[in-house]
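Participant: Sharing a structure, written as structure tokens. Questions coming.
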Amino acid sequence: TATPEEAPWWQVGTASRPSPDPEPQPAAAAPADVPAAVAAAVAPVATVAPDDEAADDHDGMTILSSDLARLRDRLPTWSQDAVPGPFPAPEPAPLPARLVLSTGLVVALDRAVLLGRAPQVARVTNRELPRLVTVPSPNQDISRTHAEVRTEGEHVVVTDLDSTNGVHVSRPGQGVRRLHPGEPSVIGTDEVVDLGDGVTFTVERSA
């Protein structure tokens, strides 16, 4: 065999020419006995998951756009207004009313009240049995069933039941007016109702 010095001149160039680099090959999975640092270097690169797949891995403090859309769909319609409200406030219930008679008697107005020297239920047609209140009338100025007092909503109304001498209402600083028979009239807490024979009453409200 000829040595390089003895090789023909047409073989010298081909013998000393270096071989080309091989094509790069994808990294193979590291075997179990390869150190962890080497295995990490040859491991394939992980791809980033889209929002739906990464939703379970976020830090809990960041709201994704998909979460925000779902939350917006669950909100009531008024929450998307520029300025929600105003909200209607419930109206307070009126305080219970009662009659305070000049005779010293106090009568609750939890139902209709009939006043007279001998009141009778037959004079009214209410479904609920009214409260009968007898007042003294030595001169018989007060009729047997003289007047009815009841509440209508937040108001107290008095009705003259066709009494003989009528029902008169007065207010401090104003004159006296006589109620029309059979017509309910609203009575305020600052008014005095006169049935006759010195018998009067006022309306009070208290808790």
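The values are calculated or read from the model by the stated rules, or taken from the named source; none is laboratory data. Being a predicted model, the structure only gives us computed values, none of them experimental. Cβ sites come from the backbone with ideal geometry, for glycine too, and all protein chains shown count toward neighbours.
Participant: Report, by residue number, each residue of region 167-185 that is surrounded by 13 or more Cβ atoms within 10 Å (Cβ to Cβ) and under 41 Å from the mean Cα position of the chain (by Cα).
Facilitator: Of everything in region 167-185, those that are surrounded by 13 or more Cβ atoms within 10 Å (Cβ to Cβ) and under 41 Å from the mean Cα position of the chain (by Cα) turn out to be 184, 185.
Participant: Next question, about the same structure. Which residue is surrounded by the most Cβ atoms within 10 Å (Cβ to Cβ), if the candidates are limited to region 186-207 and must be polar (S, T, N, Q) and within 17 Å of residue 94 (Cβ to Cβ)?
Facilitator: 202
Participant: Confirm whether residue 156 is in contact with a Lys or Arg (Cβ under 8 Å, 6 or more places away or on another chain) and surrounded by 13 or more Cβ atoms within 10 Å (Cβ to Cβ).
Facilitator: For residue 156, the condition - in contact with a Lys or Arg (Cβ under 8 Å, 6 or more places away or on another chain) and surrounded by 13 or more Cβ atoms within 10 Å (Cβ to Cβ) - is met.
Participant: Is there any pair linking a residue in region 195-207 that is part of a loop (DSSP other than H, G, I, E, B) to one that is of a type in the set (A, V, I, L, M, F, W, C) and at pLDDT below 95, with Cβ under 8 Å and at least six apart or on different chains, and which?
Facilitator: As it stands, the answer is 206/95; 207/95, since those pairs meet every condition given.
Participant: Could you list, in sequence order, all residues of region 150-183 that are among the acidic types (Asp, Glu), part of a strand (DSSP E or B) and modelled with pLDDT of 95 or more?
Facilitator: 160
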